[in-house]
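Working notes, beginning with the structure itself.
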Amino acid sequence: MASSGLLRALRRRIGPSSSTSQILSLTSTFRSISTLVLGEIEGGSVKPSCFSAVEAAKSLSKENSISLLLAGSGSSLQEAAKTAASCHPSVSKVLVADSDVFTHPLAEPWAKLVHLVQQRGGYSHVVASSGSFGKNILPRAAALLDVSPITDVVEISDSHLFVRHAQRKVASVGLSMQQSTSSGREGYRTVTFAFPIVLVEEARVDQLTGGWPIYAGNALSTVRYTGTGPCLLTIRSTSFPVSTVFDDSKPNEAPISQVDLSTFSEDLIGKSRYVKLSSQDTERPDLGNARVVVTGGRGLKNAENFKMIEKLAEKLGAAVGATRAAVDAGFVPNDLQVGQTGKIVAPELYMAFGVSGAIQHLAGMKDSKVIVAVNKDADAPIFQVADYGLVGDLFEVIPELLEKLPEKK
Ligand SMILES: Cc1cc2nc3c(=O)[nH]c(=O)nc-3n(C[C@H](O)[C@H](O)[C@H](O)COP(=O)(O)OP(=O)(O)OC[C@H]3O[C@@H](n4cnc5c(N)ncnc54)[C@H](O)[C@@H]3O)c2cc1C
């Protein structure tokens, strides 16, 4: 039985209107944190973004036991499991669901699998990275578990307190919201959402773009999870970089166990079926994980000119990015879009050519370590976030760079 002091402390943590049974249920959760991390497989290995989810899970509690769930079929799955078992010392166990149902990562069977494994293992948290894989599965799994997921987490304060990007979609799921906007451009704004499981306490206007509208990733909301069921999170992998220095004292190979799928009924799944995979045949690094990104905007004027960006990226061994304006104008396919409605990137070096720096674009790249911008307009907003800015004509700058940079070996 929790003491009255502990109850009072917990009531302070989760809000004055919380019931005692809600608090008691949370005390048991606080006592033992165990996390299921969803792992995405590609060509016999686990995608690096999953290890960012492991890093996030590590911040939930020091005593967290972390299981990595992989699903697929055949030898590529077993190969991925073997690699995953020794990839990150914080992974306590690798769970493997081997079935033809998982040959392609369809959201419905995956969500059912997460439901099954969570129920069996009693995990207090389920974490996935905020890519299309996680965003596809986690809300479905949350619906099956009858809990509200918390998406786009950028910081974990404790096991039930998270900082996330405040985006319009929070309001669009039909929740009531009151917003006080009385403060000035650089002040604080208080936003209160009234709904049962997640309580959003406040939104802080980002220093970088203080006073701009909050719904473009420029405001952060602090969210307390007060649900009694498991806590499901998607995390921004750029906010949880994988550490390269590991504690050597820990065993470096986690045990691998097969998930018993004998009770997994396939007939409840079939809402979607795999048709085909189309992907660009390119040797360029993946935009989401590249160390260098070269991005072109509407300033490139057409698809033919955009090839200069591709050539430059090739020389630098970089990924190619684009603004939404460039994508909408048909210069490149939309999987290259960086920004609020595209990919979120945080490379070592981000180079932007003919990009104005609209708030929705900045939302996807402002965490890059070094930002270089070339724009002919000295007042372009991109210069406010750039570490190095060049006011100039990209049609002169890029050819010069191409000429002076050495060929890639
Ligand atoms: C809900 C919503 C979501 C959005 N999501 C995204 C998103 O995810 N990503 C995104 O990028 N945008 C997004 N946008 C669009 C965004 O608002 C901007 O319209 C877009 O980013 C502008 O792209 P741009 O910088 O290429 O084009 P522009 O704003 O037209 O800027 C072109 C720039 O090129 C410069 N330029 C022109 N010629 C040259 C030259 N010869 N040399 C050097 N510089 C030159 C100009 O000075 C200008 O600054 C979104 C908008 C909305 C409403």
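What the table below lists for this structure:
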quantity	calculated
Low-density loop cleavage sites - trypsin sites (Lys or Arg not before Pro) in the stretch 253-322, where at most 13 other Cβ are within 10 Å (DSSP)	Lys271, Arg273, Lys276, Arg291
In the stretch 376-408, the trypsin sites (Lys or Arg not before Pro) that fall in loop regions by DSSP, at most 11 other Cβ within 10 Å	Lys408
Coil-residue GluC sites (Glu not before Pro) of the stretch 316-409, DSSP, other Cβ within 10 Å capped at 16	Glu348, Glu407
The stretch 292-404: relative contact order in percent, alpha carbon pairs under 8 Å with at least 6 residues between	24
Probe 1.4 Å, accessible area per residue of the stretch 269-397, Å²	52
Furthest towards positive pole of dipole, Pro347, Val320, Asn334, structure part the stretch 292-404, Cβ charges	Asn334
Whole-percent carbon and sulfur share, accessible surface of the stretch 29-84, 1.4 Å	47
Within the accessible area of the stretch 292-404 (1.4 Å probe), percent carbon and sulfur	49
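The values are calculated or read from the model by the stated rules, or taken from the named source; none is laboratory data. This is a predicted model, so every value here is computed, not measured. Because the Cβ atoms are built from the backbone with ideal geometry, glycine has one as well, and the counts that use them run over all protein chains shown. When the accessible area is computed, the model is the full protein with side chains, heavy atoms only, and any ligands, DNA or RNA have been set aside. Shrake-Rupley method; radii C 1.70, N 1.55, O 1.52, S 1.80 Å.
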